[in-house]
Structure formats: C-alpha cells, structure tokens
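Have a look at the structure below, then the notes.
Taken together, the values in this text are just the output of simple stated rules run on the coordinates, not laboratory data. These numbers come from a predicted model, not from an experiment. Glycine gets a Cβ as well: all are built from the backbone with ideal geometry, and neighbour counts include every protein chain shown.
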Amino acid sequence: MALAPNVYDAEPIPDAARAEIERLLSSGDLFRYTSESSPVQLLEAEFAELMGARYALAVSSCSGALFLALKALDLPRDARVLIPAFTFAAVPSAVVHADCVPVLCEVGENFRIDLDDFARKIDDDIACVLISHMRGHTSDMDAIMAACAERDIPVLEDAAHSLGTEWHGKKIGTLGKIGCFSFQSYKLVNAGEGGILITDDPELAARATIMSGAYEHNWKKHRGEAGLQNSFAHWQNRLPLYNMRLQNLSATVIRPQLPLVADRVEKGRTNHDYVADRLNTCEWLHVPPPLPPEERAPDSIQFNLVGFESDAEARAFQDAAKARGVSVQVFGLSQDNARAFWNWQFLGEVPELPQTRAMLMRACDVRLPVRLSREELDFIAEALIAAAEAVKAAAPRAYGT
Ligand SMILES: *Cc1c(COP(=O)(O)O)cnc(C)c1O
C-alpha cells in the first residue's frame, strides 16, 4: 500500500541562497541599513517589480505589515475596521494593536465575504475595510471596491496566503491601498518569518517605512523618486518607531524563491483543481468553485462536509481520514483554533456570526504542498472520499422526505 504523503515538511531553500548567506556570516552584515544595496533593499526592489507596485517595504511579519498599514492610514483611535469573520487571529490582533476596533463581517459557505452582511455593516461608521483573503479565497472584490470607493473608505488587503492570485488578471494585493504578504513557513515563500507590504502611494510608503524603524536618515537608503523622498523628509521625527524591520539573512532566503513563485502557483493550482474535481465526485464533500474573475494560487484545499448533521459525525470524518493517513482540520472543531472567531476573546465581547459559525463547523482544511505527485494527490483524495463514505455508511440514513 502507498504511504501517506508527508504534507508538513517544507521545501528546501534554493542553493543560490548559500553563497550570500556565507558572505553575510563572514561579514556579520545582517542589519538592513548598513548599505544601500543590502539584501533587504534588493528584495524590496525585486518584490515591487514582481507585483508591479511602486513601493515595497519588507518587515518582520505579515501581522507587522498589517499593523503598519493601519497606522500609515492615520486612522483615529477607536476607528472601526471591517474584517471578515473567517481569518487568522493575527488580523483582528493587528487591528486591536493599531488602537482600532475590529467589526466582523459574515463569511459564507464558499469561504468568501457575505455581501449582504457587508452591505449592512459598511455604513455602520466604518473607517477602513481590511480584506483578508483567507486561505487565498478571494471575495467579490468588484463589489467590495465599488462600495468602498463610493464612500471613500480605504481598503487594505491581507494577502498573506494570496501571493500569485489574480482577480480579472490583476494581482491580489494591488487592488487596495496597501497589500500585505507573509513569508512565514506555511506560505508560498518561506523564510521562517517575514512579511512585506506594497503600495503605490508615496505618503503611505513613507509613513510605513519610518514607523517600521527607518530612524534618523535611514530612509535615504530606500529607493524612490523625489515624491517619496519629500514624504520621508516631511514625516521625519513625527511618527513613532515600532521597529519591525526585516534582517538580511531572511531577505537572502526569500530572494531566490521569488523566481519560483510563478511555477509554484501553476503547480499549486493544478494540484488543487485535480483534488477538487475528485472530491466533488463524492456526494458528501463539496469544494466551492472560485468566483469567475479569480485565478487562484492555492497550497492547501478547503471543502465542506455535506449532510453531516452532527459535530460527532464531522469528528468521525476527521478520525476516519486520520486513520487513512490524512490529517484534516475542521476549522471549528479543534479547541482554541486561531481561525475560529469565538476564540478571539481579546476582543472583549465576541459577536455572534451564525453563518460563519455554521461554515466553520463543517469546513475542512487539508494541506496540499505544491511538490506532491499525482499518486500522492490520489492518495489524499481517495482517503478523504473513503473516510466520508465510511462515516455516512455507518450513520442512520433518513429515507423518504
Ligand atoms: C499567515 C497569515 C497571517 C499572518 O502572517 P505572519 O507573517 O505569520 O504574521 C495573516 N493573515 C493570513 C490570512 C495568514 O494566512
């Protein structure tokens, strides 16, 4: 019998990083501002070019990037920031950290923002909309951008898991005022930790850069035309420093992975769609399709359990899949899951969002690293289908109407 694929190991870092790491180790030159062509500076130039953005600022994490993006907007204390209720705890945390108040919007069975609830909440004194493209699922950005443009509400994008995703052929992370990405190990580009933000707005770029820790005249080492340099000079000494800089070793690990992004995106999508088609042949499993303008870049798969009436049945499915070698996480069923909004007790009173809760109680998450072979993908798909059928065969069936 084939062995269950290991979906937890990371990919090796490209060999091209080694010579530069060696150089950094011998020179001890790890701080980004020791030179104008440090690995961090080069990474920023390369990432901006890859994304077609004017400015990129590398920071210590995507959470840090989200926090700096909110601070760069200069929102008043207690400003209300609309976020999807299906996201990682780091997102409401960044909002709280920026002295703002997260307002949670319902997310539907297709893992995307529920537009009716969005329309209801957008006029409730919302100062900023932070779209988290959770697990790389893109909500209807046409509707969201139009509603925000009409009201002059800035949009930020948490694209931590969306590097390479496109909407109408435009890169996710370039639709809003600022797009934030992660280089944490479970994302498409792995540096252990790290993040980056992109924007076309020189004021926002300058503000975020200074707050990220470009103290004194370190901002002069950032590339940029006169407009950006003027903004830097204006904000000098007027903003607090949060020191969320990236260091050179991390940038050195990231840079040789950037040319691999297109290939990883292509493979990830092919693998995902192959498994999705297989799962959708099973009446108990459903992978929601992408929205028509969306070209996805997945490295994991999410699907819903269909007709699983009780949590016990959903748990039995997790166990049955595990017994067949495949780890499935039903988002809402594991204790203290950081993606289940009811665990965000740091918000104080956690609001109730019945639609998102219902989705989380039946939505499954399986890692699908891009390196997997067809045989390994078959193994995963067959194990999931067999697990669902075993659980449903054992369950009493409701016949008739
Ligand atoms: C990983 C992730 C984050 C946080 O990224 P870090 O770099 O670990 O701070 C935020 N949002 C989403 C959707 C993520 O997947």
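Would you work out if the chain is rounded, prolate or oblate? Take a ≥ b ≥ c from the square roots of the eigenvalues of the alpha-carbon gyration tensor; rounded if a/c is under 1.5, else prolate when a/b is larger than b/c, oblate otherwise.
oblate
Do any chymotrypsin sites (Phe, Trp or Tyr not before Pro) in segment 76-153 lie in a DSSP loop with no more than 15 other beta carbon atoms within 10 Å, and if so, which?
none
Which of the aspartates and glutamates could a cross-linker span from residue 187 if the Cα-Cα distance has to be under 12 Å and same-chain partners fewer than 8 positions apart are dropped?
Correct list for residue 187: 11, 299.
Give me 309, 193 ranked fewest to most by other Cβ atoms within 10 Å of their Cβ, as a rough exposure proxy.
Listed from fewest to most nearby Cβ atoms, that is 309, 193.
Please enumerate, by chain and number, the lysines with C-alpha under 28 Å from the C-alpha of residue 392, excluding those fewer than 8 residues away in the same chain.
322
Label residue 386 and residue 281 with points 7 Å out from Cα along Cα→Cβ: what is the distance between them in nm?
That separation, rounded to one decimal, is 1.5 nm.
Among DSSP beta bridges lying fully in the chain, give the percent that are antiparallel, nearest 5.
The antiparallel proportion sits near 60 percent.
Where the convex hull is taken over the Cα atoms of segment 213-288, what is its projected area averaged over directions, in nm²?
Its average projected convex-hull area is 9.3 nm².
So what is the diffusion coefficient of segment 1-121 in µm² per second by Stokes-Einstein at 10 °C and 1.306 mPa s, using a Kirkwood Rh over Cα pairs?
Rounded, D is 86 µm²/s.
How large is log10 I(q)/I(0) at q = 0.13, 0.18, 0.19, 0.22 Å⁻¹ when the Debye formula is applied to the Cα atoms of segment 143-193, each weighted equally and without solvent?
The computed values of log10 I(q)/I(0) come out as -0.36, -0.61, -0.66, -0.80.
What does segment 259-298 give for Rg and for Dmax, in Å, if only its C-alpha atoms count?
11.7, 40
Cβ under 14 Å from residue 249's Cβ, residue 249 left aside: what net charge do those residues give with Lys, Arg +1 and Asp, Glu -1?
+1
Please list, by residue number, everything in segment 232-258 whose backbone N is under 13 Å from a paramagnetic label point 7 Å out along Cα→Cβ of residue 217.
Counting backbone N atoms under 13 Å from the label point, the list is 233.
If each of residue 243 and residue 170 carries a label point 7 Å out from its Cα toward its Cβ, how far apart are those two points in nm?
Going by the 7 Å Cα→Cβ label model, 3.9 nm.
Any idea what Rg and Dmax come out to for segment 272-401 if you just take the C-alpha atoms, in Å?
15.6, 47
Per q in 0.15, 0.16, 0.22 Å⁻¹, report the Debye log10 I(q)/I(0) for segment 85-212, using one uniform scatterer on each alpha carbon and no solvent.
-0.72, -0.82, -1.62
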